[in-house]
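These notes are about the structure you will find just below.
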Amino acid sequence: MKIAVIGGGVAGLSTAYYIQKNFSAQVDIYEKSSDIGGLAGVFKLGNTLIEKYYHHVFTHDKYLMELISELELEDSLMWIKTKMGYYCKGKSYPFATPIDIMMFKPLSFMDRIKLGMSSLIISRHKYNDELENITAEQYLIKYAGKEGWDKFWKPMMKIKFGENFNKIPAVWIWERIVQRVRSRTKGAKDEVLGYMQGSFYTLLKRLADEAEKKGGKIHLNSEVQEIIVENGVCRGIRVNNEVKNYDYVVFTPALQHFVDVCKNAPEDYIAPLRVVKYDCSMIVVMVLKEKLSDFYWLNVADDEIPYGGLIEHTNFIPKEVYGGKVIVYFSKYLNVNSEYLKMSDEEVKNNYIKHLRKIYPDFKEDIIEDCLIFKDRYAQPIWPMNYSKIKPKYKTPIKNLYMANTSQIYPNDRGINFSIKLGKEVVESMAGEILNK
Ligand SMILES: Cc1cc2nc3c(=O)[nH]c(=O)nc-3n(C[C@H](O)[C@H](O)[C@H](O)COP(=O)(O)OP(=O)(O)OC[C@H]3O[C@@H](n4cnc5c(N)ncnc54)[C@H](O)[C@@H]3O)c2cc1C
């Protein structure tokens, strides 16, 4: 049996792993870029690998923990306590614990209590249809109050969803709060974040090695141009202008790519999928001689500053790992038409530095050793209201064609853990068909 997996990101590599774990099959992975990893991909900084986009994981990431344990990579996983902050109105505030919330001066005392209580109240809610029918804005105003929304939640939603901050269904924020509150009450009072020795590439590379050990092949620089469908049955793919036949095909890149490459999919299946839009990510990585602060993660709630988060990676993982260099990510999600995507790298850099001086007035440009900019067109799905009614299933209406991508993790937040879940579940959904063949 031959199976093609399209996409060499976490979902594609996990899909290959679970296929080979459960069935005897020849698995070929097709990845359009020159390396595996997708959004969790890495670049080389000196002799060390580091993610293009800041990454950490949580203790409640159960699919990741399960996979790490199966691959006996537990010793590579580190758990680290970090400092979180919140910048607004010219000042940075620690923002990690209930005490930090109580000390958060931009809100009145009563609004601080309301904000603190809102997470607890929301975390006790059970899933219900209303969560799909109202926006996160309406939901958060109801529980955290107008001030709590304006001064805390609205900037946070803007950081994650850019201009779409007020269009996201409430179920997304509900699910996120439930996960975070549970992870704190289960474990210690302080939240710890996880990272892997050698970056998350350690996991990706192990998955790729496992696939090859079991006879699989990883084809890099191989963009799948078409999924071949004849009379409602998937026959294979066209890649590098060559047709390759497969018994099954699993598609893992973003939904928009599916619409592009699966031209013979039935229109009544494709039409609702076009509703899901994706925001782009533009992440600036500065390599510095000196640290900016003690915060690992500083949320930047200021509409004039063009980035929503400053992630000082070397306040998480010691700078010695990177030859003594300080690494700072500037996070930004953008609409595809954003002016920032039209700027040259130099313009972006200068603009970012100008605004960095608002947060750190003493910042001196001569501490910058390097500045890199990474962009991805399909970084963050923007789900419409009531999305669960149109969310695509793993099994598509085309026989022998399956889909497992970031559009299907809803209402969970996109992440490594849930891309592993996609891989595991798509293989479970294939099992009946494969075993009966
Ligand atoms: C800025 C940022 C920060 C993040 N931080 C975290 C974090 O802290 N923790 C966390 O857990 N997650 C984080 N994530 C999310 C995480 O990286 C993703 O959820 C996960 O990597 C998605 O994996 P995937 O395989 O589902 O999709 P992708 O990574 O998008 O993989 C799809 C792959 O398909 C390939 N492809 C596309 N079209 C084709 C084609 N036609 N033919 C062949 N190949 C194709 C792409 O090149 C890509 O490699 C972050 C993401 C971003 C953007």
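The values are calculated or read from the model by the stated rules, or taken from the named source; none is laboratory data. All figures in this text were calculated on a predicted structure; none of them were measured in a lab. Glycine also receives a Cβ, built like all others from the backbone with ideal geometry; neighbour counts cover every protein chain displayed. For accessibility, only protein heavy atoms count, side chains too; no ligands or nucleic acids. Shrake-Rupley method; radii C 1.70, N 1.55, O 1.52, S 1.80 Å.
A few points about this structure:
- Among the residues listed as 206, 176, the single one being more than 23 Å from residue 300 (Cα to Cα) and not aliphatic (A, V, I, L, M): 206
- Failed item in (1) buried (at least 17 other Cβ atoms within 10 Å of the Cβ); (2) at pLDDT 95 or above; (3) under 27 Å from the mean Cα position of the chain (by Cα), with residue 255 passing the rest: (2)
- Failed item, numbered, when residue 337 is tested on (1) within 15 Å of the ligand (Cβ to nearest atom); (2) out of contact with any helix residue (DSSP H, G or I) (no Cβ under 8 Å at 6 or more places or on another chain); (3) modelled with pLDDT under 95: (1)
- Residue 194 surrounded by 18 or more Cβ atoms within 10 Å (Cβ to Cβ), within 14 Å of the ligand (Cβ to nearest atom) and not assigned by TED's automatic domain parsing to the domain that holds residue 416: yes
- Scanning the range 265-274 for residues that are among the charged types (D, E, K, R) and in a helix (DSSP H, G or I) turns up 267, 268.
- Qualifying residue in the range 94-117 (condition: more than 22 Å from residue 55 (Cα to Cα), open to solvent by less than 40 Å² (accessible area, probe 1.4 Å) and assigned to a strand (DSSP E or B)): no
- Which listed residue, of 358, 349, 354, is buried (at least 17 other Cβ atoms within 10 Å of the Cβ), assigned to a helix (DSSP H, G or I) and either in the same structural domain as residue 289 (by TED's automatic domain parsing) or among the β-branched types (Val, Ile, Thr) (or both): 349
- Residue match in the range 24-36 (condition: among the hydrophobic types (A, V, I, L, M, F, W, C), within 21 Å of the chain's Cα centre (by Cα), assigned to a helix (DSSP H, G or I) and within 14 Å of the ligand (Cβ to nearest atom)): no
- Scanning the range 64-89 for residues that are open to solvent by 40 Å² or more (accessible area, probe 1.4 Å) and either farther than 27 Å from residue 151 by Cβ or not in a loop (DSSP other than H, G, I, E, B) (or both) yields a count of 10.
- Selected residue (only one of 39, 49, 45 is within 30 Å of residue 320 (Cα to Cα), in contact with a strand residue (DSSP E or B) (Cβ under 8 Å, 6 or more places away or on another chain) and within 6 Å of the ligand (Cβ to nearest atom)): 39
- Test for residue 175: is it open to solvent by less than 60 Å² (accessible area, probe 1.4 Å) and among the acidic types (Asp, Glu): yes
- Listed by position, the strands (runs of 3 or more DSSP E) contained in the range 211-264 that have at least 2 residues being out of contact with any Lys or Arg (no Cβ under 9 Å at 6 or more places or on another chain) and hydrophobic (A, V, I, L, M, F, W, C) are 248-251.
- Summed over the range 126-148, residues that are over 25 Å from the mean Cα position of the chain (by Cα), on the phi < 0 side of the Ramachandran plot and surrounded by 14 or more Cβ atoms within 10 Å (Cβ to Cβ) total 6.
So that you can scan it fast, the table gives a plain yes or no per residue for (1) buried (at least 20 other Cβ atoms within 10 Å of the Cβ); (2) outside the structural domain of residue 168 (by TED's automatic domain parsing); (3) β-branched (Val, Ile, Thr):
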site: 401; (1), (2), (3): yes, yes, no
site: 404; (1), (2), (3): yes, yes, no
site: 409; (1), (2), (3): yes, yes, yes
site: 413; (1), (2), (3): no, yes, no
site: 422; (1), (2), (3): yes, yes, no
site: 428; (1), (2), (3): no, yes, no
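- Only one of the listed residues (390, 382, 359, 353) is of a type in the set (A, V, I, L, M, F, W, C) and within 16 Å of the ligand (Cβ to nearest atom). That residue is 382.
- Test: residue in the range 235-256 that is away from the ligand (no atom under 11 Å from the Cβ), at positive phi and not aliphatic (A, V, I, L, M): yes
- Filter result for the condition that a residue is touching a strand residue (DSSP E or B) at 6+ places or on another chain (Cβ under 9 Å) and away from the ligand (no atom under 16 Å from the Cβ), over 80, 134, 68: 134
- Any pair with Cβ under 6 angstrom, 6 or more apart, that starts in the range 1-18 at a residue that is among the charged types (D, E, K, R) and ends at one that is at pLDDT 95 or above and surrounded by fewer than 24 Cβ atoms within 10 Å (Cβ to Cβ): 2/26; 2/246; 2/247
- Residue within the range 40-59 that is outside the structural domain of residue 175 (by TED's automatic domain parsing), in contact with a helix residue (DSSP H, G or I) (Cβ under 9 Å, 6 or more places away or on another chain), assigned to a helix (DSSP H, G or I) and surrounded by fewer than 18 Cβ atoms within 10 Å (Cβ to Cβ) present: no
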